[in-house]
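This report refers to the structure that appears directly beneath it.
No value in this document is a laboratory result; all are computed from the given coordinates. Bear in mind that the values here come from a model prediction, so they are computed numbers and not experimental data. Because the Cβ atoms are built from the backbone with ideal geometry, glycine has one as well, and the counts that use them run over all protein chains shown.
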Amino acid sequence: METLLAFIVNDGVLCLADAGITRSIVKMKEDEDKIMVLEGNKLLLSAGEPGDRAQFCEYIAKNLKLYNLRHGYSLSTPACANFVRSELAASIRSNPYQVNLILAGFDNDTGASLFFLDYLGSLQKLDFACHGYASYFLLGLLDRHHKTTLSAAEGVDLMRKCVEELQTRFLVNGKYVLKHISKDGVMVIPFN
Amino acid sequence: MARRYDQRTTIFSPEGRVYQVEYAMTAIRHAGATVGILAKDGIVLAAEKKTTAKLLDGSSTISEKMFKIDEHVVCAVAGITSDANILINYARLSSQRYYYTYQEPIPVEQLVSQICDTKQGYTQYGGLRPFGVSFLYAGWDKHFGFQLYQSDPSGNFAGWKATSIGGENSQNAQSVLRSKYKPDINYKEALELALKVLTKTMDRSNVNSDKLEFSYFTKKGDQIVYHILSPKELDDFIKDADLENENEDS
């Protein structure tokens, strides 16, 4: 049950992704990190076909690196989100990537931001975002409990509440990875 | 045999020069002078108009040498205007392409560098001749604030605090700028300095709105404002500045 979940808290963004790779009825591994760190200030969460995920995320990461080398500064999170969207939109009619994404980042001038992207090339700026079957259960829960003024600690508690809900309702359960991004960079929060 | 290395844009002479590029730079000297001054709260671009005929209908286009490329970048031209039009068209396209991809305005230096890549191409891949234009670009971006760049036909560019292109007396202009420029100048003082520079390079009797173009960039709050002085504004401005000049002299 692939799950991507992220929401804004008062000092940054909390990002949660499941850690499982499954094929048919088989669990291949349960320590996959689906949250890629880009340029030290952005997190790219990806779900979908594992090969496409690896290929597409690398492609984005290397293009951001190239931009940085060429110009001496990095793309902002909104600019990066639009770049990713344009790449997905360009590929959808030729060689589609089966990837759904959430992009979270912290920029010094504009603060934290969070973007929801899907493989069809849609882009939404949101306060909380969720991909996969988890969204059926979690969007309502987040509507009720999420505020952008939550502290990071309260945010982690809300993440636990979300995962508890998933464990109640999902047929099978696995492990998760939780990362927090703020002005101080990326922090991995022990979760399982 | 002196013309042996003149004919093509793409080959060096034995002394290591590319003549066509140097000729292009000479062509620019025949154009009217254009001055750019970076101020702490904006940028001023000012130019001398060369083509003023009595019967020319100037009402259709206010500006002859200043072109808006995007909301945050403008450029002033010295050289062959028809060559410039091609590059300006390309600059506008580049700017919108960047916006299409990133939904953010293009940083000024990236735009300048892209146009210069095109210019450089014609000194190497062999068109018939290089672009006979120098540009002054004035712009604002979130990375480096207000910026002033100059580019030439060889495809070189650099950032400046104050500079001039074109004009037979560009040495004069440069030396006035060197002695009078202060880094904490504001854009209103920069307008006056630009006028001072241009009056030094051209016939004093010609200093009026028929022969000059003035424009400036500044910020009002978060908004970037670009303004081209209308003939009336310009004449009023020249009148006020002249009075002050006389006071200075006395």
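Annotations for the structure displayed:
- Residue-wise HN-Hα couplings along the stretch B:164-171, as the Karplus relation 6.51 cos²θ - 1.76 cosθ + 1.60 with θ = phi - 60° gives them from phi, are 9, 10, x, x, 5, 10, 5, 4 Hz; Gly and Pro carry x.
- Euclidean distance of C-alpha centroids, the stretch B:210-238 and the stretch B:148-174, integer Å: 21 Å
- Close amide H pairs (under 5 Å, H built 1.01 Å from N) link A:LEU38 with A:LEU43, A:LEU44, residues at least 5 positions away or on another chain.
- Neighbour counts of other Cβ atoms within 10 Å put A:LEU126, B:LEU212 in the fewest-to-most order A:LEU126, B:LEU212.
- Fewest-first ranking of B:SER113, B:SER13, B:SER179, using other Cβ atoms within 10 Å as the exposure measure: B:SER179, B:SER13, B:SER113
- For the stretch A:147-192 and the stretch A:20-88, distance of Cα centres in Å: 20 Å
- Estimated FRET transfer efficiency when R0 is 56 angstrom, pair B:THR26-A:ALA89 (beta carbons, to 0.05): 0.70
- Entries in A:LYS125/A:LYS183; B:LYS196/B:LYS232; B:LYS49/B:LYS220; A:LYS62/A:LYS147 that, when Cα-Cα distance is taken, lie over 25 Å: B:LYS49/B:LYS220; A:LYS62/A:LYS147
- Shielding value for A:77-90 is 2, the average number of Cβ atoms from other chains within 10 Å of each residue's Cβ.
- Listed values for the stretch A:39-56 are Karplus-derived 3J(HN,Hα) couplings in whole Hz (6.51 cos²θ - 1.76 cosθ + 1.60, θ = phi - 60°), namely 6, x, 10, 9, 10, 10, 9, 9, 9, x, 4, x, x, 4, 4, 4, 4, 5, and x replaces Gly and Pro.
- Coarse-grained scattering of the stretch A:4-189 at q = 0.15 Å⁻¹, given as base-10 log I(q)/I(0) from a Debye sum over alpha-carbon atoms: -0.87
- Distance between the 7 Å Cα→Cβ label points at A:ASP31 and B:ASP57: 7.9 nm.
- Spin-label model distance (nm) - B:LYS161 vs A:LYS183, 7 Å beyond Cα toward Cβ: 3.2 nm
- Sorting A:ARG70, A:ARG169 from the fewest to the most surrounding beta carbons within 10 angstrom yields A:ARG70, A:ARG169.
- Extension gain, B:LYS232 back to B:GLU15 (0.36 nm per residue minus Cα-Cα distance, nm): 73.0 nm
- Label-point gap, in nm, between B:ARG4 and A:LYS125 - each point 7 angstrom along Cα→Cβ: 6.3 nm
- Within a straight-line Cα-Cα reach of under 19 Å, B:LYS211 can be paired with the following aspartates and glutamates, leaving aside sequence neighbours fewer than 8 residues apart in one chain: B:GLU48, B:ASP57, B:GLU64, B:GLU168, B:GLU192, B:ASP203, B:GLU233, B:ASP235, B:ASP236, B:ASP240, B:ASP242.
- Set B:LYS182/B:LYS239; A:LYS27/A:LYS65; A:LYS65/B:LYS161; A:LYS42/A:LYS175 screened for pairs whose C-alpha atoms are more than 25 Å apart: A:LYS27/A:LYS65; A:LYS65/B:LYS161
- Stretch gain in nm, segment A:THR110-A:ARG70, where the contour uses 0.36 nm per residue and the Cα spacing is subtracted: 12.1 nm
- Here, the protein assembly as shown has an Rg and a Dmax of 28.6, 95 Å when only alpha carbons are counted.
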